[in-house]
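J.: I'd like to ask you about the structure that follows.
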Amino acid sequence: MLKRALLACGLAFAAIAPAAAQSFERPIRIIVPIAPGGGTDVFARLLAELVGNSLGQPIAVENRPGASSTIGTQFVVDQRPDGHTLMFTANSPITAAPHVMNVRYTVDQLEPMFMVGHVGFTLCVRNDSPHQDARSLIAAMRADPGGYTYGTDGVGGNMHLAAERVFRRLGVEGTMVPFQGAAQTLTAFSGGHIQLYGGSIAVAMPAIRDGRARCLILTQRDQHPAVPTGSGLDALGIPEEETLIWWGMLAPRGLPADRRAALMTAFEAAWRTERFQQQLARSGVTPQFRGPEESARLIAAESEALGRVVRAIGIERSR
C-alpha cells in the first residue's frame with residue numbers, strides 16, 4: 001500500500017513539472033521569518049528541496065528573523081502576489097502578533113495556501129512534583145490564585161495566550177514568567193525557578209523522556225500518544241478552547257489561480273512523501289494537510305479567540 005502511494009506521488013510530481021516550471025519567470029523563494037535551525041526552518045527547506053526537484057524550478061529558502069517573526073512577515077506582505085515569494089511559518093506572527101504588537105500588516109493581507117500539521121502546547125510539572133494528573137494541579141491552582149508560576153517564551157505569544165485561554169475557563173490563575181526561547185525556559189524550570197513549563201509538546205519531549213518533566217495539561221482537544229499523563233481539553237470539559245501550533249505556507253494576497261494550482265499540487269505531493277512524513281514524526285507533529293479554505297477558517301477563528309484573550313487580560317500593544 002505504501003509503495004503504491006509513493007509511486008502515485010512520484011507520478012504526480014512528474015506530471016506537473018513541465019507545465020508548472022514554464023509558468024514561473026524566475027526562482028521561487030520561501031521566506032522563513034525565524035533564524036535558521038528550528039523546526040519551521042527544517043520543514044521549509046525539505047519542502048523547497050522536494051518541490052524544486054519536482055518542478056525543475058529553483059526554490060530558495062531565505063531566513064528573515066526579528067521582532068517575533070513580524071519583520072519577515074511584513075516583507076512578504078510587501079511583495080508582488082505573483083507566486084515567486086511565499087512564506088512558511090508557524091502561527092505566532094499571523095494570529096497572535098497583530099493583537100499585541102504595532103505591526104503594519106493584517107491577517108487579511110496574507111493568503112493561506114496550506115498547513116502541514118500541528119501540535120498542542122503543554123503545561124508540565126517536574127517529576128518530583130506531588131501532582132500526578134491535571135485534576136490535582138487544577139485543584140492546587142484554584143486554592144492558591146497566582147501562586148503557581150509558569151514560563152513561556154514571551155508576553156503575548158501563542159503559548160502565553162493558549163495558557164490563559166485554558167486557565168480562564170478552568171477558573172485558575174497563574175503567574176507568567178517570560179523567557180527568551182524554549183531552552184532558557186526549560187533551564188529555569190529544571191532548576192526549580194518556575195513551577196510549570198509551558199511550550200509545545202515537540203519542544204517539551206526531551207524533558208519528558210529524560211524524566212525532568214511530567215506533562216499534565218494539553219491545549220489540544222485530544223490526548224497525545226507520546227504524553228499519556230497529559231489531559232486534553234475534551235477530558236477537561238473545555239474542547240472549544242483548543243490552541244495549536246501549526247505550520248503552513250502563505251502568500252501575498254492576490255495569487256493568480258493558475259500559479260496557486262501548480263504550487264498547491266506540487267506541495268501537497270511533497271507533503272505526502274515518506275521523507276516529509278518521517279520529518280513530521282521525528283518532530284512530534286501530527287500530520288494534517290489543510291488546504292486554503294480550511295486554513296483560512298482556522299486562522300480566522302484562532303485570531304478572533306486570541307484577540308479576545310488579549311483584551312481580557314489587558315495586554316498593551318508593544319512597538
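The values are calculated or read from the model by the stated rules, or taken from the named source; none is laboratory data. Please read all numbers here as calculations on a predicted model, not as lab measurements. Positions of Cβ are backbone-derived with ideal geometry, glycine not excepted, and every protein chain shown enters the neighbour counts.
J.: Taking segment 148-171 as the region of interest, how many residues are small (Gly, Ala, Ser), assigned to a loop (DSSP other than H, G, I, E, B) and surrounded by 13 or more Cβ atoms within 10 Å (Cβ to Cβ)?
T.: The total comes to 3.
J.: Quick one: in segment 32-57, which of the residues that are in contact with a Phe, Trp or Tyr (Cβ under 9 Å, 6 or more places away or on another chain) and outside any helix (DSSP H, G or I) is farthest from Ser200 (Cα to Cα)?
T.: Filtering first and then ranking leaves Gln57.
J.: For segment 193-203, give me each residue that is over 16 Å from the mean Cα position of the chain (by Cα) and buried (at least 20 other Cβ atoms within 10 Å of the Cβ).
T.: Selection gives Ile194, Gln195, Leu196, Tyr197.
J.: Only one of Ser68, Ser129 is crowded, with 19+ Cβ neighbours inside 10 Å, in contact (Cβ under 8 Å) with a residue 40 or more places away in the chain and part of a loop (DSSP other than H, G, I, E, B). Can you tell me which?
T.: Ser68
J.: Also, I was wondering about something else. Would a scan of segment 176-186 turn up a residue that is at pLDDT 95 or above, among the polar types (S, T, N, Q) and more than 17 Å from the chain's Cα centre (by Cα)?
T.: No - not one qualifying residue is present in segment 176-186.
J.: Which residues, taken from segment 204-258, are surrounded by fewer than 17 Cβ atoms within 10 Å (Cβ to Cβ), touching a Leu at 6+ places or on another chain (Cβ under 9 Å) and acidic (Asp, Glu)?
T.: Asp222, Glu240
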